[in-house]
Amino acid sequence: MPTLRVDGVRVTVPAGATVLAAARAAGAEIPTLCHHEGLEPWGGCRLCLVEISKPGWTGEGKIVTSCNYPAEDGLVVRTSGERVVATRRVVVDLLLARCPGTPLVQRLAREHGIEEASYEVNPEPTDCVLCGLCTRACDRMGVSAIASVSRGASRAIAPPFNQPPPDCIGCLACAEVCPTGHIAWSEADGRRTIWGRVFEMQRCEGCGRPHLTAAQAGWARARGAAEQDLRLCDACKREQLARTLRAVSRGETVAAQAAAS
Amino acid sequence: MAIVLRVVTERCNGCGNCEMACAFVHAQGTRPAQPRIQVLGRHASPGPGTPVLCLQCDEPACLEVCPSQALSRDETTGAIRLNEARCIRCRSCVAACPFGNVAWDAARHVVVKCDLCGGDPQCARFCPTGALLSSRTGILTCP
Ligand code: SF4
Ligand code: FES
C-alpha cells in the first residue's frame, strides 16, 4: 500500500489507486471532467492536473493528470501550486473558447477566475466538452456504437459515418453520463430516438408501458437476464411480488419461478 | 452475520411509515428520496397492504448484468449495494431484477435499491405492527 504526501498530508491508499483517489482521500479538491469511477481512466480533459515530485528528484516537479497517474510510494503531490493553477486555467480557458454557452463550462471558468475566453471563440459553439464519457460508457456496455471522429477543432463524438449507429441498443447510458446534457434523445408513442436511430420499445406485458428497447432486452438476455424478467416493467414486477407474498401469507404454496412467469 | 429483514405480510396495516422512513433516511439534503420499499395492494389508505422490497438475492440478477461493477455485496450486512459513482445509468439492473426491486429515480437520474440502511433498516424500526422485522443474528423469531 503506497503512502504519499498530498499538500503536506500523508495518505496511504490501496495498491493500484490513482493520484486523484489519493488526493481526494487526503481531502484535496481537484476538478475533473472526464473522470468517472466506473469507466477506464482516460486523462483527456486535463482538468485534474497536479504537480508531482519524488524525494531525490531535482528541479521542478512534473505536471501530470492525476486521474490516470498511479499513486506511487513516496510521491509528493501538490494540487494547487502556482504552476498547477496556471496550467489548469489555460485548460479551462480553451474549454470556454470551445463551449462558450455551456453552463458547466461557464461555472468552471468562473471558479478559475476567467470572465471571457482569451482564445478565439468557437464560431460553432457546442455543448460537447469532448470528455469522452459517452464513448467510454458505450465501450463499457460492450457496444461501442459511437466514437470520437475528426481531429482538432472539428473533433466531435458521432456514430460511424454520421449514420444511425447499427450497434446502438438505445440504453441511453451515453446521454446519462454526459455532463452537459449534449446528447439528445426522445421517447414518444413507444419509440425511442437517439443518435438518429429509432428504436421500437418493448411494452410491459402488465401495464403496456414501453419500458425498454428490444435491443436492450437482447443485450440483457445475452448477459444472463431471464426472458420472463424482461417482459414486465419494474412496477408490475413489484405488484407480482406483492401477490406472491400475499399468497404465501394465506398459506398457499407458490413456486417463485412459476409466480414470476 | 448478515442482516435478515423479514416481512410478515398479514401484519401490515398499510400506514406507510416504512416508505416514509426510507425516503427520509436516503434523502439528499432536504428532499426526501424515492423510497426503496413500497406498500402495495392498499385498496384504501390506510388499509392492509403488502410491503415489497429487495430480497438481497443469493444470486442477484442485477449484479450479474451490471457492466460497471457498480453493484456489490456488502460483506457485513449482506445487502447488494449500489456505488453511484461507478454506475453508468444503463438501467440493465432495473430490467433484470425479477422482482422489480431495483428502480430508476427519474428526478435524480439514479438507480435506487434497498441497502438495508447499512445494517439498521429504518423501515423495520418505524413499522408499528411488526410487519417488518430486522435481525442482526440471522435468527428471527416472530414476536
Ligand atoms: S444502471 Fe448502473 S448499477 Fe445498474 S446495471 Fe447499469 S451501471 Fe450497473
Ligand atoms: S479528469 Fe483527469 S484528465 Fe480529465
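The values are calculated or read from the model by the stated rules, or taken from the named source; none is laboratory data. Bear in mind that the values here come from a model prediction, so they are computed numbers and not experimental data. Reconstructed Cβ throughout: ideal geometry from the backbone, glycine too, with neighbour counts over all protein chains shown. Side chains are part of the model used for accessible areas, which takes the heavy atoms of the whole protein and leaves out ligands, DNA and RNA. Shrake-Rupley method; radii C 1.70, N 1.55, O 1.52, S 1.80 Å.
Taken over region B:28-37, the residue count meeting the criterion of being under 14 Å from the mean Cα position of the chain (by Cα) and away from chain A (no Cβ under 13 Å) is 1. In region B:56-96, the residue that is modelled with the lowest pLDDT out of those that are farther than 18 Å from B:ARG36 by Cβ and of a type in the set (Val, Ile, Thr) is B:THR76. Looking only at residues of region A:33-68 that are open to solvent by 70 Å² or more (accessible area, probe 1.4 Å) and of a type in the set (A, V, I, L, M, F, W, C), we find that the one that is nearest to ligand 1 (Cβ to nearest atom) is A:TRP42. Being more than 14 Å from chain A (Cβ to nearest Cβ) and of a type outside the set (Phe, Trp, Tyr) is a condition met by at least one residue of region B:61-74.
Under the condition of being within 8 Å of another protein chain (Cβ to nearest Cβ) and under 23 Å from the mean Cα position of the chain (by Cα), the residues counted in region A:191-226 number 7.
Give the number of residues within region A:71-86 that are outside any helix (DSSP H, G or I) and loosely packed, with under 13 Cβ neighbours inside 10 Å.
To start, the set of residues in region A:71-86 that are outside any helix (DSSP H, G or I) comprises A:71-81.
Within this subset, residues satisfying the condition of being loosely packed, with under 13 Cβ neighbours inside 10 Å are A:73-74.
Residues in region A:71-86 being outside any helix (DSSP H, G or I) and loosely packed, with under 13 Cβ neighbours inside 10 Å: 2 in total.
Of all residue pairs spaced 6 or more apart or on separate chains, those with beta-carbon atoms under 8 Å, a first member in region B:69-83 that is without any contact (Cβ under 8 Å) to a residue 60 or more places away in the chain and assigned to a loop (DSSP other than H, G, I, E, B) and a second member that is among the hydroxyl-bearing types (Ser, Thr, Tyr) and away from ligand 2 (no atom under 16 Å from the Cβ) are B:ASN83/B:SER72.
Taking the conditions (1) within 16 Å of ligand 2 (Cβ to nearest atom); (2) at pLDDT 95 or above; (3) surrounded by fewer than 21 Cβ atoms within 10 Å (Cβ to Cβ) in turn, A:VAL198 satisfies each one other than (1). Summed over region B:52-70, residues that are over 12 Å from the mean Cα position of the chain (by Cα) and away from ligand 1 (no atom under 15 Å from the Cβ) total 2.
Checked against (1) farther than 12 Å from A:THR126 by Cβ; (2) surrounded by 18 or more Cβ atoms within 10 Å (Cβ to Cβ), A:GLN163 passes all but condition (2).
Results for (1) at the interface with another protein chain (Cβ under 9 Å from one of its Cβ atoms); (2) assigned to a strand (DSSP E or B); (3) surrounded by 21 or more Cβ atoms within 10 Å (Cβ to Cβ), shown as yes or no for each residue.
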site: B:ARG6; (1), (2), (3): no, yes, no
site: B:GLU10; (1), (2), (3): yes, no, no
site: B:CYS15; (1), (2), (3): no, no, no
site: B:CYS18; (1), (2), (3): no, no, yes
site: B:PHE24; (1), (2), (3): no, no, no
site: B:ARG42; (1), (2), (3): no, no, no
site: B:PRO51; (1), (2), (3): yes, yes, yes
site: B:LEU55; (1), (2), (3): yes, no, no
site: B:ASP58; (1), (2), (3): no, no, no
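Of the listed requirements (1) away from ligand 1 (no atom under 16 Å from the Cβ); (2) open to solvent by less than 20 Å² (accessible area, probe 1.4 Å); (3) more than 10 Å from chain A (Cβ to nearest Cβ), B:THR129 misses just one: (2). Could you please let me know if B:PRO32 is surrounded by 17 or more Cβ atoms within 10 Å (Cβ to Cβ) and not polar (S, T, N, Q)? For B:PRO32, the condition - surrounded by 17 or more Cβ atoms within 10 Å (Cβ to Cβ) and not polar (S, T, N, Q) - is not met. If you check B:VAL112 against the conditions, is it more than 10 Å from ligand 1 (Cβ to nearest atom), in contact with an Asp or Glu (Cβ under 9 Å, 6 or more places away or on another chain) and either within 11 Å of chain A (Cβ to nearest Cβ) or of a type outside the set (A, V, I, L, M) (or both)? The answer is yes for B:VAL112.
Would you confirm whether or not region B:75-82 contains a residue that is within 12 Å of chain A (Cβ to nearest Cβ) and either charged (D, E, K, R) or under 15 Å from the mean Cα position of the chain (by Cα) (or both)?
yes
Quick one: is A:VAL143 assigned to a loop (DSSP other than H, G, I, E, B), open to solvent by less than 40 Å² (accessible area, probe 1.4 Å) and within 12 Å of chain B (Cβ to nearest Cβ)? Yes.
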